[in-house]
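Every number in this text was worked out from the coordinates using simple rules, so none of it is lab data. Bear in mind the structure is a predicted one, so any value in this text is a computation, not a measurement. Ideal geometry is used to build each Cβ from the backbone, glycine not excepted, and the neighbour counts take in all protein chains shown.
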Amino acid sequence: MKKILAVVGSPRKNGNTHILVRKIAEGAKAKGAAVEELLLGELSIKECDGCHRCWKTESCTKKDDMCGIYPKIAESDAIIFGTPVYWYGPTGLMKLFIDRFVYFNSPGNRGKIKGKSAVIAVPFEEENPKAAHLVVELFQKSFEYLEMKLVGKIIAPGVSEKGDILQKPELLARAYKLGQALADR
Ligand SMILES: Cc1cc2nc3c(=O)[nH]c(=O)nc-3n(C[C@H](O)[C@H](O)[C@H](O)COP(=O)(O)O)c2cc1C
C-alpha cells in the first residue's frame, strides 16, 4: 500500500488549497493508498537557521513539530505539496516547511528523500497562469536538487475566496485523477 503525505500550506482551513489537496488525496485513497494530511497552519515549524547540525548528527536541533514529520516523510512514497500563491511565491508556512528539507540534503539523510514522488497544487487569484511561475520553479528546482520526482501539478488560476475552487469541476476532476495516478505509480 502506498503511503502519501498531503501537505496543506495555506493557513486557510477548508480553503482552495485544502480542497484541492483533499481531492488529490481522495483519488489516491480510491486506489488503496493511505493518506495522512498535514495542515501546516496547525503545526509549529520553525525556520531553518542553517546550523548544519543535521550534516554531523543526522538530527535537527529545532525541537518542534518537524521532528515528528521527518520520519513520516522518510516512510512515505509520495508527498502532495499544496500552497496558494502569496506575492508570487509560496506561503510563509510552505517556505518554512521546505527550508527544513535541508535536513534531507545531508549525506546521511539523503536516502530518506531520494526517489520520492511529489505533486504540487497551486491555487491563486489571477487569471494568468504565469502568476504561479515562481512557485512552480521553486518546487521543480528543489525537487531536482533533492533527487525527488515531480510527477504532476495542478495549477489553479482564478480562485480568490474560500471555496471558489468548487466552481472549477474540471480542475477538481484533474486533481482526483492525479491522486489516482500517484497511488498507481
Ligand atoms: C498574502 C496574500 C498574497 C497573495 N498574493 C497573490 C498573488 O501574488 N497572486 C495571486 O494571483 N493571488 C494572490 N493571493 C490570492 C490567493 O492566492 C488566493 O486567494 C488563493 O485562492 C488562496 O488559497 P486558499 O483558499 O487555499 O488560502 C494572495 C493572497 C494573500 C492572502
Exercise. Check the range 116-126 and report whether any residue there is surrounded by 15 or more Cβ atoms within 10 Å (Cβ to Cβ), aliphatic (A, V, I, L, M) and out of contact with any Ser or Thr (no Cβ under 9 Å at 6 or more places or on another chain).
Key: yes
Quiz item: In this structure, does Gln167 turn out to be among the polar types (S, T, N, Q) and out of contact with any helix residue (DSSP H, G or I) (no Cβ under 8 Å at 6 or more places or on another chain)?
Solution: yes
Self-check item: Selection from the range 1-24 of residues that are of a type outside the set (Val, Ile, Thr), away from the ligand (no atom under 16 Å from the Cβ) and part of a strand (DSSP E or B)
Solution: Lys3, Leu5
Exercise. Could you list all residues from the range 74-115 that are over 27 Å from Ser160 (Cα atoms), of a type in the set (A, V, I, L, M, F, W, C) and surrounded by fewer than 19 Cβ atoms within 10 Å (Cβ to Cβ)?
Key: Ala74, Val102
Quiz item: If the Cβ limit is 9 Å and pairs must be 6+ apart or interchain, which residue in the range 125-148 that is within 14 Å of the ligand (Cβ to nearest atom) pairs with which residue that is among the charged types (D, E, K, R) and part of a helix (DSSP H, G or I)?
Solution: Glu125/Asp164; Leu138/Lys95
Quiz item: Which of the residues belonging to the range 25-48 are part of a loop (DSSP other than H, G, I, E, B), under 18 Å from Gly179 (Cβ atoms) and within 17 Å of the chain's Cα centre (by Cα)?
Solution: Ala33
Quiz item: Restricting attention to the range 97-112, does a residue exist that is in contact (Cβ under 8 Å) with a residue 60 or more places away in the chain and hydrophobic (A, V, I, L, M, F, W, C)?
Solution: yes
Quiz prompt | Glu144 closer than 16 Å to Phe104 by Cβ and either in contact with a Gly (Cβ under 6 Å, 6 or more places away or on another chain) or surrounded by fewer than 17 Cβ atoms within 10 Å (Cβ to Cβ) (or both) | solution = yes
Exercise. Residue by residue through the range 163-185, note down the ones that are over 19 Å from the mean Cα position of the chain (by Cα) and within 16 Å of the ligand (Cβ to nearest atom).
Key: Gly163, Asp164, Leu166, Gln167, Lys168
